[in-house]
Every structure is written in structure tokens, then in C-alpha cells.
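Structure first, then comments.
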Amino acid sequence: MLSATSRIFLRTATGIGGKTALKALVARAAPCASTLAGSSVGGNATSPKVFSPSNHIQWKRPATTARAPADDPARGNYNSSVTFTGSDACEAAGIAGLGITSPSTIYKNQTFEQLFQHEVANNEGKIASAEYGETFTVDTGKFTGRSPKDKWIVKNIGSDSDANIDWGKVNQPTTPEVFDELYEKAVKHFNSLDKAYVFDGFCGANPKSQRKIRFVHEMAWQQHFVTNMFIRANDPSDLEGFEPDFTVINACSQVDEDWERHGLNSEVAVVFNIEKKCAVIFGTWYGGENKKGIFSLMNYWLPMENPPQFPMHCSANVGKEGDSALFFGLSGTGKTTLSADPHRALIGDDEHGWDEEGVFNFEGGCYAKTINLSEETEPD
């Protein structure tokens, strides 16, 4: 989702750099990147202010996999977990304002080990015995990638987003009325459940442009995904007074039966309302819809910062001398592979920003396609 300003930045960067996809665009690293000089792929990504890359969640078609963290100190040290029970659980968890008030148990910011246990208890997938530990695998159904034709943005006439978004086949408009119907449907679904999962975290390693993000899920493994992919709080005190800049309600088990009346593409619906600071997801179990949706919002928000910032779909790493390299390319073209250099510290493998202070990651984890991957062909 590129604003008009983003497109100007992109044209300018392309004209100046003269680089093509997957070639490195090299620049001297400024403070945000240089703080990573001592980092490694196995570092911790729990701080909302200073980013260090976390371990990979590995993905494989048709199943997704997430390594159990029992023997991984960097991931195991993350603990901002709290469980709310009783009639006021939703209020205590911060989701009653969304209209979600019925679930009597809310699992919020669970640890990786707790989420692993929930995945097993909920029978959400299967445990695979892997060389590096037990791995939980999940079948995402017919979607092993995003469904871009089912992604919609509410066109609020006269709003800032109405004026700044480049509407068309990529940024497809829908109406506030359609969003309101789907929002009510999502809330009604969650109010039929006994329990739900909530994650509060951050997008963007630079505190100056960082956004607070909340996810509401019905599935533990979806919560596991966003816990890995976004920047996590060090402890519960970092989340005191947390007011999200954007909330995603993921009702992946439900579909939009009225999609034709709504003027949508199918019963799958991923709909963002920028002015209401909320999105709803229906009909797709693919975890990447959570991640890429927020990336689209960063593409919209950052160019309108003062001064403007450049959002990038690229991987990035940094050398011992503070020299940073960016690897641009579409999904599946090698960004993660190229950035995982044993002689350079990883900044991130997919989504970054570039401002006056340097290059910074949007995320707190990596998301690697592992189809046909082997240690023999890719030993690093």
C-alpha cells in the first residue's frame, strides 16, 4: 500500500541507486544500524527501543513450523505473560472497547513455551521431531501465501487516507459500511468463544516512528506467529498504559458469506480501516496476512513522518565497519538467504525503514521459506 509520497521516494531511490532487485544497495550505517554491529542471528528481539535479531520461525509448504523454545535462552527469556479470567477478563486485557466482552479467559502476551503448550492442547497441528528440537507444524489450508485480491482498504471519503492512498488494483477500496458489517461479524464471533489470545507489541525499531500494535486471535499458533514477527516487550512494565496505534482482529475460521453483496472478490476478506485504526481478517489461515498488513500500514505512515522516512521491502545486514547492505526483491527471490551472511550481522530479512539516523528493522523476527532447503545446498 504505497502513498503518493512513497512512490516519489521509490522513484527517487531507484534513479539515484541505479540498482536492480537483489543487488546490494550499500550505504554507511548510521546509529540505528551501527548498534547492531555486535548482533547475531541468534540474538534477542525483545526490546521495543533497541533491536537485536531473534531466531527464525521456519516455514514449509504446505505446513508452517515453529521451533519449541525450551532450549533457546534468547527466546525463553521473553516473559510478559499474563492470563485474565472471570467476567471482566476482556476489560482487563484491553479488548472490551472493541466490543469483545464475552470470553472469560484471555491469554495475553504468552511466552513461546506457553504458546507451544496451547498449540498442543488445542490440537492446532502436529509436533515434528527435528534435529534442533521439537517443532510444531500447522497446515494453513489452501493458502500458503497471501491473497492480495482479497485485501481491501476502507475509502473514507474526505479523510487523509482518501487523499494520500494510490487507489487501484493494488490498493482496492471498499466502503465504511462493508467494514462495519465485517467488524460486527468478527466481534460477534469472538463473543461466542470462551477464550481468546491477545498480543501487544511494537512495529519499527526506531522509537521515533515506532507503532504500537495489538492482535486478537482465536488460535494460539497465530499468536505464536505475531509474537515472533513483531518486537516484543521486555517485561509487563513496558506495556503499562499501552494504547495501540492499530488493532487487528483475526477471525480466520470465519468467512464472509455476503461477499458478493459486499462487492468483494471472495469469501476471504482482509479489510483495513485506517481512520478507525482497526483491521479484520476472515477466511484465511495464512499467518503472513498479520505481518504484511502492518507492513502496508508502515508504507503509508512513514513517508508522512516529519521528516519523511523511506519504507523498504528488503533484507539488510551490517558489516564490522558499520557498512550496511540492503537486498531488494519480491517474496521468495532470496532476500532472507542473501542477508544471512556469517560474516555480517543481520538487521532483518524483509521489512525496513531508512531515515536520518540509519536503517532499522520493522520486525522482531524472521520469516524464512524452507521449501527444498538443505544444509548441503545452503550450509550457512
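The values are calculated or read from the model by the stated rules, or taken from the named source; none is laboratory data. Please read all numbers here as calculations on a predicted model, not as lab measurements. Cβ placement follows ideal geometry from the backbone for every residue including glycine, while neighbour counts extend to all protein chains displayed. Surface accessibility is based on the protein's heavy atoms, side chains included, excluding ligands, DNA and RNA. Shrake-Rupley method; radii C 1.70, N 1.55, O 1.52, S 1.80 Å.
Overview of values
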{"quantity": "Label-point separation, Asn77 to Glu375 (7 Å along Cα→Cβ), nm", "calculated": "2.6"}
{"quantity": "Residue pairs, from the table Lys142/Lys208; Lys108/Lys169; Lys126/Lys208; Lys149/Lys335, whose Cα atoms sit over 30 Å apart", "calculated": "Lys142/Lys208; Lys108/Lys169; Lys126/Lys208"}
{"quantity": "Probe 1.4 Å, all protein chains present, accessible-area order of Trp354, Trp167, largest first", "calculated": "Trp354, Trp167"}
{"quantity": "Trypsin sites (Lys or Arg not before Pro) within the range 281-380, DSSP loop, no more than 13 other Cβ atoms inside 10 Å", "calculated": "Lys320"}
{"quantity": "Contour minus Cα-Cα distance for His313 and Ile127 (0.36 nm per residue)", "calculated": "63.7 nm"}
{"quantity": "Leading residue at positive end of dipole, the range 243-380 (Cβ point charges), from Trp285, Asn265, Ala325", "calculated": "Asn265"}
{"quantity": "Neighbour cut-off at most 11 other Cβ (10 Å), DSSP loop, trypsin sites (Lys or Arg not before Pro), the range 143-251", "calculated": "Lys169"}
{"quantity": "Chymotrypsin sites (Phe, Trp or Tyr not before Pro) within the range 217-309: DSSP coil, no more than 16 neighbouring Cβ in 10 Å", "calculated": "Phe242"}
{"quantity": "Cβ-placed point charges (K, R +1; D, E -1), dipole of the range 110-241 about Cα centre in debye, nearest 20", "calculated": "440"}
{"quantity": "Cβ-placed point charges (K, R +1; D, E -1), dipole of the range 176-251 about Cα centre in debye, nearest 20", "calculated": "260"}
{"quantity": "Thr105 versus Ser253: modelled label distance in nm, points set 7 Å from Cα along the beta carbon direction", "calculated": "1.4"}
{"quantity": "Calculated P(r) of the range 193-340 - Cα pairs past 26 Å, %", "calculated": "35"}
{"quantity": "Pair His343, Ser159: separation of 7 Å Cα→Cβ label points (nm)", "calculated": "4.9"}
{"quantity": "Tensor-based shape of the range 149-260 (alpha-carbon gyration tensor, a/c under 1.5 rounded, otherwise prolate or oblate)", "calculated": "oblate"}
{"quantity": "Cα centroid of the range 176-254 to Cα centroid of the range 149-174, whole Å", "calculated": "22"}
